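S.K.: Take a look at this one; I'll ask things after.
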Amino acid sequence: MTLNEALLSLLDRIGGTGESQNVTWQTIQLWPSDILRRFMELEILTLSTTAQSVECQGCENRCFKEVLRLPNKLNQSTRAFVVCDDPEMQNQMGRIEIPQQWLQQWKVTAFQLAKVVANLLAIENKIEYRHEQSNIRIGMVKNNKRRRWLFLNKS
């Protein structure tokens with residue numbers, strides 16, 4: 001996956017709503033290693049809260065399960081795990097440990113993307129953003145002959 005493909009996937013996540021979307025650790029693993037760092041530096045992505053549910057890797061069903069947490073008494077770190085709802089599978093697998101890194105998430109919003117575009121184009125106007133609008137007014141771009149408003153369309 002290229003940088004452009006990763007950026008397009010973020011735009012698809014935001015879609016027409018423009019609402020904040022979480023990007024999971026599993027999604028980040030599909031990207032080349034330097035893209036997360038670059039998106040964080042550009043502030044396209046920011047750290048979010050840890051995941052409350054994950055896709056279970058215990059069997060081929062790949063169900064989404066709530067993450068349960070228990071303090072580990074040996075080294076005082078918290079252990080995360082899921083438990084299968086199917087009694088037969090539950091007896092076979094018991095608790096399925098979830099690595100802590102799988103619970104990391106990053107947040108992306110349309111407003112964050114608009115700020116990045118404004119910074120890259122050195123637009124100093126205040127970004128005009130209303131949640132119910134279908135686009136975000138980034139600012140005025142101009143040359144010596146004319147001026148135009150630049151918008152980020154959320155749909």
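The values are calculated or read from the model by the stated rules, or taken from the named source; none is laboratory data. If you're wondering where the values come from, they're calculated on a predicted model, not measured in any experiment. All Cβ positions, even for glycine, are placed from backbone atoms using ideal geometry, and neighbour counts span all protein chains on display. Heavy atoms of the whole protein, side chains included, go into the accessibility calculation; ligands, DNA and RNA do not. Shrake-Rupley method; radii C 1.70, N 1.55, O 1.52, S 1.80 Å.
S.K.: Tell me whether region 127-139 contains one or more residues that are more than 19 Å from M40 (Cβ to Cβ), at pLDDT 80 or above and in a loop (DSSP other than H, G, I, E, B).
M.R.: Yes, region 127-139 has at least one match.
S.K.: Taking region 23-36 as the region of interest, how many residues are open to solvent by 70 Å² or more (accessible area, probe 1.4 Å) and not in a helix (DSSP H, G or I)?
M.R.: Number of matching residues: 2.
S.K.: Identify, by number, the condition in (1) exposed (fewer than 15 other Cβ atoms within 10 Å of the Cβ); (2) under 30 Å from P87 (Cβ atoms) that A51 doesn't meet.
M.R.: The single condition A51 does not satisfy is (1).
S.K.: Another question, then. Test of understanding: among L121, L42, L150, which residue is under 20 Å from L8 (Cβ atoms), open to solvent by 70 Å² or more (accessible area, probe 1.4 Å) and in contact with a Gly (Cβ under 9 Å, 6 or more places away or on another chain)?
M.R.: None of the others qualify; the one that does is L121.
S.K.: Is it true that some residue in region 37-56 is closer than 16 Å to K107 by Cβ and part of a strand (DSSP E or B)?
M.R.: Checked region 37-56: at least one residue is closer than 16 Å to K107 by Cβ and part of a strand (DSSP E or B).
S.K.: Note down all Cβ pairs under 8 Å where the first residue falls in region 106-118 and is assigned to a loop (DSSP other than H, G, I, E, B), the second is hydroxyl-bearing (S, T, Y), and they're at least six residues apart or on different chains.
M.R.: T109/S20
S.K.: So which of E19, E5 is without any contact (Cβ under 8 Å) to a residue 40 or more places away in the chain, of a type in the set (D, E, K, R) and open to solvent by 60 Å² or more (accessible area, probe 1.4 Å)?
M.R.: After applying the criteria, what remains is E5.
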